[in-house]
1. Answer yes or no: is there a residue in the stretch 132-141 that is in contact with a Pro (Cβ under 6 Å, 6 or more places away or on another chain), in the same structural domain as Phe49 (by TED's automatic domain parsing) and either of a type in the set (Val, Ile, Thr) or outside any loop (DSSP other than H, G, I, E, B) (or both).
2. Are there any pairs with C-beta distances below 6 angstrom linking a residue in the stretch 46-63 that is within 18 Å of Val89 (Cα to Cα) to a residue that is in a loop (DSSP other than H, G, I, E, B), with the two at least 6 apart or on different chains, and if so which?
3. What is the one condition in (1) buried (at least 16 other Cβ atoms within 10 Å of the Cβ); (2) in contact with a strand residue (DSSP E or B) (Cβ under 8 Å, 6 or more places away or on another chain); (3) touching a residue at least 60 places away in the same chain (Cβ under 8 Å) that Gly93 does not satisfy?
Amino acid sequence: MKSATSSIGKGTWRYEITAEGCWYIFQYPEHQLFEETVEKDICFGPLNFNYSETEAKKRAYEMLELVGLSKEVMQKSPFALSGGQMRRVAIAGVLASEPKVVVLDEPTASLDPIGRKEMMELFTNYQREHQATIVLVTHQMDEVVAYAKRVLVMDQGEIVLDGTPKDIFSQSHTLQQLGLDIPPVLQLAEKVKNRFDLNDWPALFDEEELAEQIVSWIRSRRGT
C-alpha cells in the first residue's frame with residue numbers, strides 16, 4: 001500500500017491506495033476491450049490480482065448481471081456486440097476486481113437520456129452494494145444533482161468550490177461565470193421564484209419536489 005499527501009489547489013488531501021483498490025474507467029470504456037471472448041475480458045483483471053480461475057469466473061458472471069447483460073454473451077467476441085453492450089462488458093471488466101474507488105471520466109458520453117440514467121444507476125448500485133467510492137468527472141450538471149453527495153468544481157487545475165450539491169448550486173452566478181450549465185430543474189425553479197417573487201422558497205433540486213412545491217403554491221393562492 002502506498003500513502004501520500006497531495007496538494008490540489010487550496011486543499012491538502014491524504015490518501016492510501018493499492019493498485020487493485022482504485023480503477024479508472026475511460027470516457028469510452030469500450031476502447032479498453034482486447035480479449036477473444038467476453039468471459040476472458042472480464043476475467044482478465046481478477047486473474048491478474050490473484051483471484052483463482054473459479055473465483056474470477058464467478059465475479060465475471062456477477063458483474064455481467066450487474067451491468068444488465070445475459071450470460072449468453074460470455075463466449076462471444078466482445079467486438080461482435082453492439083456499442084452499448086461493449087461498453088457494459090468493459091465496465092464489468094473493471095468492476096470484477098471489486099475496486100474500492102472507481103474514477104469515471106464522463107461515463108455517459110454519447111448516450112441518450114435513457115442510456116445515461118441506466119449507466120448512472122449501474123454505478124449507484126455498485127457503490128451501494130460494495131460500499132465503494134465513486135469519483136465522477138462530468139460536465140452533466142443534472143447527473144451531479146441527482147447522484148453526488150459532495151461536489152468539487154475545478155478551474156484551471158484549482159478547486160474553486162467544494163460542498164454539497166445544494167451548497168454548490170445555490171451559487172448559480174459563479175457556476176455560469178465558470179462556463180457550467182445550471183440543471184434544467186434549477187433553471188425552472190429560479191424562473192418561477194423570480195417571476196412570482198417567492199424569496200422564501202426552499203432550494204429544490206428534484207423534479208418531483210419542485211412539481212409538488214408549485215402545486216402546493218397554486219393551491220394556497222386559490223385557497224384550496
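The values are calculated or read from the model by the stated rules, or taken from the named source; none is laboratory data. Because the structure is a prediction, the values reported are computed rather than measured. We place every Cβ from the backbone using ideal geometry, glycine too, and count neighbours over all the protein chains shown.
1. Initially, the stretch 132-141 is screened for residues in contact with a Pro (Cβ under 6 Å, 6 or more places away or on another chain), giving 141.
Adding the requirement that they be in the same structural domain as Phe49 (by TED's automatic domain parsing) leaves 141.
This time we only want the ones that are either of a type in the set (Val, Ile, Thr) or outside any loop (DSSP other than H, G, I, E, B) (or both), so: 141.
Within the stretch 132-141, one or more residues are in contact with a Pro (Cβ under 6 Å, 6 or more places away or on another chain), in the same structural domain as Phe49 (by TED's automatic domain parsing) and either of a type in the set (Val, Ile, Thr) or outside any loop (DSSP other than H, G, I, E, B) (or both).
2. Qualifying pairs under 6 Å: Pro46/Ala96; Pro46/Ser97; Arg59/Ala96; Ala60/Ala96; Met63/Ala96.
3. Status for Gly93: all satisfied but (2).
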